[in-house]
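Report on one structure; see the data block that follows.
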Amino acid sequence: MTSDTRTRIQDAARELFARKGVQRTSLQEIADSLGITKPALYYHFASREALVRSIVQPLIDEGEEFVRAQEADPPTPRGLLEGYFDLHYRHRNETILLLTESSTLVELDLIDTVLTWRGRLATLLVGNHADLQAATRAVVALGGLQDCTIHFRDVPADDLREAAVTAALAALGH
């Protein structure tokens, strides 16, 4: 029952955050939308920041796992980009939340995490000693791929994956 309530709180928070933004959504509004008391919400989440972190933590955990797996067994550039697309496609709602609430990224100390992932993945794509041109292409490929999962929400996943990965490979010069 506790995890069901946590999930309901997270779902209500996602909806309100998407409509109003994280900073303009109070915990009281979230509790009211569910018909629970604010102390009941606090039983599950000590603060708004804890609630937001619980929503984005699966993306963070899966992202770190993805990067480590790529480093342990480096795939082809296409394989890496396909996996990166899949990660962000699965978590596009969380990504939108983070991008639209950049102050939340700062508050939760997630900017460095995301930039570190991209740096580690870029190294796999273009090497440790890439010149500025190659490094820039890697940043464009990874960032563009992530952005496609958000901008083209109505395109079927398989079609979007192929188009986005092909464009990312082109940005890399492949």
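The values are calculated or read from the model by the stated rules, or taken from the named source; none is laboratory data. All of these numbers come straight from a predicted model, not from anything done at the bench. Counting neighbours? That spans all protein chains shown, and the Cβs are built from the backbone with ideal geometry, glycine included. We work out accessible area using only protein heavy atoms, side chains counted, and drop any ligands, DNA or RNA first. Shrake-Rupley method; radii C 1.70, N 1.55, O 1.52, S 1.80 Å.
Worth a mention:
- Test: residue in the range 109-128 that is open to solvent by 50 Å² or more (accessible area, probe 1.4 Å), farther than 19 Å from residue 65 by Cα, without any contact (Cβ under 8 Å) to a residue 24 or more places away in the chain and not aromatic (Phe, Trp, Tyr): yes
- Residue 83 meets the conditions (1) surrounded by 14 or more Cβ atoms within 10 Å (Cβ to Cβ); (2) of a type outside the set (Asp, Glu); (3) within 29 Å of residue 124 (Cα to Cα); (4) in contact (Cβ under 8 Å) with a residue 24 or more places away in the chain in every case but one. The failed one is (4).
- Sub-6 Å Cβ pairs linking a first residue in the range 45-74 that is closer than 26 Å to residue 31 by Cα and free of Cβ contacts under 8 Å to residues at least 40 places away in the same chain to a second residue that is open to solvent by less than 70 Å² (accessible area, probe 1.4 Å) and assigned to a helix (DSSP H, G or I), at least 6 apart or interchain, are 45/51; 48/27; 59/94, ordered by first then second residue.
- Residue check for residue 13: part of a helix (DSSP H, G or I), more than 21 Å from residue 102 (Cα to Cα) and of a type in the set (Gly, Ala, Ser): no
Each row is one residue, and each column tells you yes or no for (1) modelled with pLDDT under 95; (2) open to solvent by less than 40 Å² (accessible area, probe 1.4 Å).
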residue	(1), (2)
19	yes, no
47	yes, yes
52	yes, yes
59	yes, yes
87	no, yes
94	yes, yes
99	yes, no
102	yes, no
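- Filter result for residue 67 (surrounded by 14 or more Cβ atoms within 10 Å (Cβ to Cβ) and modelled with pLDDT of 95 or more): yes
- Of the candidates 137, 153, 161, the single residue that is under 15 Å from the mean Cα position of the chain (by Cα) and open to solvent by 60 Å² or more (accessible area, probe 1.4 Å) is 153.
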